[in-house]
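A.B. asks: Dumping the structure here so I can ask a few things about it.
The values are calculated or read from the model by the stated rules, or taken from the named source; none is laboratory data. What you see is a predicted model, and the numbers here were worked out from it, not measured in a lab. Glycine gets a Cβ as well: all are built from the backbone with ideal geometry, and neighbour counts include every protein chain shown. With ligands, DNA and RNA removed, areas are computed over all heavy atoms of the protein, side chains included. Shrake-Rupley method; radii C 1.70, N 1.55, O 1.52, S 1.80 Å.
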Amino acid sequence: IIKRSMVTITNYFVKEELSDAVRLVLQIHDELVFEVRDDVLEDVAPTLCRMMEDAMPETMTKGVPIIVDAKIGKRLSEMKELARKS
């Protein structure tokens, strides 16, 4: 699932010409860490979450939805939960 997310997100970066604004810097098990320029954060963060949640159709996860938690911060030790719009 995480690899499918990474491919989808990378294609999105290229298509939307965001390669200079958003960068995938680290993958740890089922987590992805991005560097995102402040001026695109509000638009990009919800899109990244949605892409990760949609990486696998529910038919492949036996009807169990994938839920993504997102956090933002200048450093890993300063991460705060990202408020998601419904």
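A.B. asks: Could you list, in sequence order, all residues of segment 47-62 that are modelled with pLDDT of 80 or more and either open to solvent by less than 70 Å² (accessible area, probe 1.4 Å) or touching a strand residue (DSSP E or B) at 6+ places or on another chain (Cβ under 9 Å) (or both)?
C.D. replies: Pass one, segment 47-62, residues modelled with pLDDT of 80 or more: 47-57, 62.
Hits for segment 47-62 are Thr47, Leu48, Cys49, Met51, Met52, Glu53, Ala55, Met56, Pro57.
A.B. asks: Within segment 63-86, restricting attention to residues that are under 18 Å from Glu31 (Cβ atoms) and among the small types (Gly, Ala, Ser), which residue is surrounded by the fewest Cβ atoms within 10 Å (Cβ to Cβ)?
C.D. replies: Ser77
A.B. asks: Which residues, taken from segment 43-69, are in a helix (DSSP H, G or I), within 15 Å of Val7 (Cα to Cα) and among the hydrophobic types (A, V, I, L, M, F, W, C)?
C.D. replies: Matches in segment 43-69: Leu48, Cys49, Met51, Met52.
A.B. asks: I need the full set of residues from segment 57-83 which are touching a residue at least 24 places away in the same chain (Cβ under 8 Å) and touching a helix residue (DSSP H, G or I) at 6+ places or on another chain (Cβ under 9 Å), in order please.
C.D. replies: Result: Ile66, Ala70, Ile72, Leu82.
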